[in-house]
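The values are calculated or read from the model by the stated rules, or taken from the named source; none is laboratory data. If you're wondering where the values come from, they're calculated on a predicted model, not measured in any experiment. Please note: Cβ atoms are built from the backbone with ideal geometry, for glycine as well, and neighbour counts cover all protein chains shown.
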Amino acid sequence: MKYYLFGNWKCNPVSAQEAKKLISDTAKSVKRTEKVEVAVFPPFCYLYEVVGKKKEVAVGAQNCCFKEAGAFTGEVSPRQIADLECKYVLIGHSERRKIFSETDSFVNDKTKLALACGLVPVVCVGETDEERTAGRAVEIVTGQIEAGLKDVDAKQVLVAYEPVWAIGTGKACGLAEAREISRMIKEALGSETPVLYGGSANAKNGAVYLKEAGYDGLLVGGASLKADEFAKMFEEIEGLD
């Protein structure tokens, strides 16, 4: 079975020197194998440095524009990302949806263009605490998948389930809840679409989501900024049957 360990650095670290050290330390501790695909997602300003210096891990971008080129100040197109020899791109992360008001339709446009440019989209979905409390988690995630992946071959993408209420809070999703969502996503898209879990995943709980909740990998936030903890997560996944 193929597993995935992806590290989203978000808007970290704050200097090129720190970014170089982090990718160097990470690359010394983990490596892509036939069993585990490891990738990191640095800020745009460090992509070239990370791609150009280290081949031990795959590299992805945290976002992309919905157009290949043009008058879109501040944006980076999937064509430009692919030209840097990146492999992946995150699309529809909850922080993009909440802070920058990205809609499911916008996610769909980006996903289609990323595929056309040769990138592998990692499409993020997840419910808020209010939606979860109201018993609407499955409804919300189902809607995000249906709209965000409309007219998309699901076998060409990865889906990351990140309950919004768990991201950066230290409150990871319970196994029963997580299992319900992973089962629903696989039923909707097919077993060939890898499904990752994210949301306060760390070295202590990460592998459990793969062993007991049906996930194919992890999308890690804060833990990916600590090379030693990221390495522990890799070792746990590499050791799975």
| note | Filtering region 87-116 down to residues that are among the polar types (S, T, N, Q) and surrounded by 17 or more Cβ atoms within 10 Å (Cβ to Cβ) yields SER94, ASN108, THR111
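Listed here are the residues, each with its yes/no results for (1) of a type outside the set (S, T, N, Q); (2) within 16 Å of LEU119 (Cα to Cα); (3) surrounded by fewer than 19 Cβ atoms within 10 Å (Cβ to Cβ); (4) modelled with pLDDT under 95.
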residue	(1), (2), (3), (4)
CYS11	yes, no, yes, no
CYS45	yes, no, yes, no
GLY70	yes, no, yes, no
GLN80	no, yes, yes, no
GLU85	yes, yes, yes, yes
| Can you tell me how many residues in region 193-219 are among the β-branched types (Val, Ile, Thr) and at pLDDT 95 or above? | 2
| query | Consider GLU18 against the criteria (1) over 18 Å from the mean Cα position of the chain (by Cα); (2) assigned to a loop (DSSP other than H, G, I, E, B); (3) modelled with pLDDT of 95 or more; (4) not hydrophobic (A, V, I, L, M, F, W, C): it satisfies all of them except one. Which criterion is unmet? | reply | (2)
| said: With the requirement that a residue be among the small types (Gly, Ala, Ser) and at pLDDT 95 or above, what does region 220-237 give you? | reply: SER224, ALA227, ALA231
| task | Six or more apart or on different chains, Cβ under 8 Å: which pairs go from a residue in region 36-53 that's farther than 23 Å from GLY217 by Cβ to one that's hydrophobic (A, V, I, L, M, F, W, C) and in a helix (DSSP H, G or I)? Could you list them? | result | CYS45/ALA16; GLU49/ALA16; GLU49/ALA19; GLU49/ILE23; LYS53/ILE23
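Consider region 224-240. How many of its residues are closer than 18 Å to GLY170 by Cβ, in a helix (DSSP H, G or I) and out of contact with any Phe, Trp or Tyr (no Cβ under 6 Å at 6 or more places or on another chain)?
5
Do we find that ALA178 is small (Gly, Ala, Ser), assigned to a helix (DSSP H, G or I), surrounded by 15 or more Cβ atoms within 10 Å (Cβ to Cβ) and out of contact with any Asp or Glu (no Cβ under 7 Å at 6 or more places or on another chain) in this structure?
Yes; evaluated as a whole, the condition is true for this residue.
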| Any chance region 195-214 includes a residue that's farther than 21 Å from ARG96 by Cβ, hydrophobic (A, V, I, L, M, F, W, C), free of Cβ contacts under 8 Å to residues at least 60 places away in the same chain and assigned to a loop (DSSP other than H, G, I, E, B)? | yes
